[in-house]
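Visitor: Quick one: structure below, then a few questions.
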Amino acid sequence: MGSAAPANRPLDLVRPMLATPGTAPRDDGWAVEFKWDGYRGVAHCQGCDVRLISRNDLDFMPRFPELNILPDLLRNRTAVLDGEIVALDEHGRPNFGLLQQRDKAAPGVRELRPSRPRIAYFVFDLLHLDGRSLVSKPYDVRRAMLVDLGLPGEHAVQVPPSFPDTEPEDVLRVASQYGFEGIVSKRIKSRYEPGRRSPAWVKTPFRYTQEVVIGGWRAGQGNRAGKIGSLLLGAHDEQGRLVYVGHVGTGFSQVVLAELQGQLTRLERATSPFGVEVPREHARDARWVEPRLVGEVEFRQWTSDGRLRHPAWRGMRPDRDPVSVVLPST
């Protein structure tokens, strides 16, 4: 995007800047934010027109119609916002499981019922305002301009707190008390780097998560006989091959298993989609599928042979493209 553009010119899509996993920096010149557990979305707002774009170019607006209040909150200004779509529980805390439940009710939701999880868009960056790109501005300047927009504190659109020059351990302690996913440290004088995983942002989670591509499944036993017992998971290596990273058989509800069964049945194929050989004990009796579905697991650590240790299913990631699911860099 250029440094300036007419306010009525269609906005170019801005790819979200991504954080690098690591230990929170302890030197000066950093601000710390809570790490939210939801769907990342960049909102492109131009008058009454709003597109809330995921990392794989999915427009979230039909799924979350309560966010159509953005034009009113911005007073029909032209802006590009970066943030996270979250589902809030009865205590106002983000809950990824509730977001999965709500996602099944969309698109096409017209009437919001009280029983559905409350949705909020937590805006943490401002990338464009009234025809002017801000990506080259430092974080603290963008953050001040975002606060100046005056978005409400208790609403479907909120600006969460930022803690400049604060000990990360203090923010981590609060994040732990409130059940948040972790923290993100951002260098105060850093520019926004669209589409890049940058060391200027460092994410420090309490637990590890990994996006995975479903490459197959194996039948279970007992009440899962003939049905999904475990999913065979993969991620892409540096050569673009889908590499087997393990299997997961826990963390599913009966409803989720039934929905997955239908999806995977429609994607069945005769051969393995993995680019490397799957261990014989896991490939035995496997039902292979086209690698089109992306999910997320929680796990303890990576094993020495590149497997997920004690993974548990967290949910589907419709906001991710299978090609973007890669092995972590070592």
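Visitor: By the gyration tensor of its Cα atoms, with a ≥ b ≥ c the square roots of the eigenvalues, what is the shape of the stretch 275-317: rounded for a/c under 1.5, prolate for a/b over b/c, or oblate? Each step should come with its number before you reach the end.
Guide: Values: a/c = 1.99, a/b = 1.11, b/c = 1.79.
It comes out oblate by the Cα gyration axes.
Visitor: When a/c is below 1.5 the answer is rounded, else prolate if a/b is larger than b/c, else oblate, so apply that to the stretch 208-324 with a ≥ b ≥ c taken from the square roots of the Cα gyration tensor eigenvalues. List each step's numbers first, then the result.
Guide: On the way: a/c = 1.30, a/b = 1.21, b/c = 1.07.
Rounded, since a/c falls under 1.5.
Visitor: What length, rounded to one decimal in nm, is gained on full extension from Gln261 through to Arg197, with 0.36 nm per residue of separation minus their alpha-carbon distance?
Guide: Net length gain for the segment: 19.6 nm.
Visitor: Something else now. Go ahead and set up a Gaussian network model of the chain, Cα springs under 10 Å, then flag whichever of Val255, Val147, Val174 fluctuates most.
Guide: Fluctuation is largest for Val255.
Visitor: Continuing with this model, one more query. If Rh is defined by the Kirkwood formula over all Cα pairs and Rg also comes from Cα, what ratio Rg/Rh do you get for the stretch 18-205?
Guide: 0.95
Visitor: If you don't mind, another one. Based on other C-beta atoms within 10 Å, arrange Glu167, Glu211, Glu281 from fewest to most. All intermediate terms of the calculation are to be shown ahead of the outcome.
Guide: Numbers: Glu167 12, Glu211 17, Glu281 6.
Lowest count first: Glu281, Glu167, Glu211.
Visitor: Tell me, in nm to one decimal, what length is gained between Glu66 and Arg15 on full extension, where the rule is 0.36 nm per residue of separation less the Cα-Cα distance?
Guide: So the extension gain works out to 16.0 nm.
Visitor: I've got another one for you. Contour minus end-to-end for Asp285 and Val141, with contour as 0.36 nm per residue of separation and end-to-end as the Cα-Cα distance? List each step's numbers first, then the result.
Guide: Working: separation 144, 0.36 × 144 = 51.84 nm, distance 5.71 nm.
Result: 46.1 nm gained on full extension.
Visitor: Still on this structure: Checking the a/c ratio against 1.5 first, then a/b against b/c, what shape does the Cα gyration tensor give for the stretch 148-297?
Guide: Since a/c reaches 1.5 and a/b is larger than b/c, the shape of the stretch 148-297 is classed as prolate.
Visitor: Describe numerically, in nm with one decimal, the distance between label points set 7 Å from Cα along Cα→Cβ at Arg207 and at Val326.
Guide: 2.7
Visitor: Charges at C-beta only: +1 for Lys and Arg, -1 for Asp and Glu. How large is the resulting dipole of the chain about its Cα centre, in Debye rounded to 20?
Guide: Working: 46 positive and 41 negative charges, 130 e Å.
With Lys and Arg at +1 and Asp and Glu at -1, about 620 debye.
Visitor: Take His91, project a point 7 Å from its Cα along the Cβ direction, then tell me which residues of the stretch 156-183 have their backbone nitrogen under 20 Å from it.
Guide: 160-161, 170-183
Visitor: With no solvent and one point on each alpha carbon, what is the Debye value of log10 I(q)/I(0) for the stretch 186-253 at q = 0.22 Å⁻¹?
Guide: After summing over all Cα pairs, the log10 values are -1.00.
Visitor: How compact and how long is the chain, expressed as Rg and Dmax of its alpha-carbon atoms in Å?
Guide: Rg then Dmax for the chain, in Å: 20.8, 64.
Visitor: Now for a separate question. Which is farthest toward the positive dipole end of the chain among Trp30, Gly234, His91, measuring Cα position about the Cα centre, with Cβ charges +1 (Lys, Arg) and -1 (Asp, Glu)?
Guide: Gly234
Visitor: Roughly speaking, what is the centre-to-centre gap between the stretch 40-94 and the stretch 197-264 when only Cα atoms are used, to the nearest Å?
Guide: Measuring centre to centre over Cα atoms gives 28 Å.
Read the figures in this text as sums done on the coordinates, not as results from a lab. Since the model is a prediction, treat every value here as computed from it, not as a measurement. Here the Cβ is made from the backbone with ideal geometry for all residues, glycine too, and neighbour counts use every protein chain on show.
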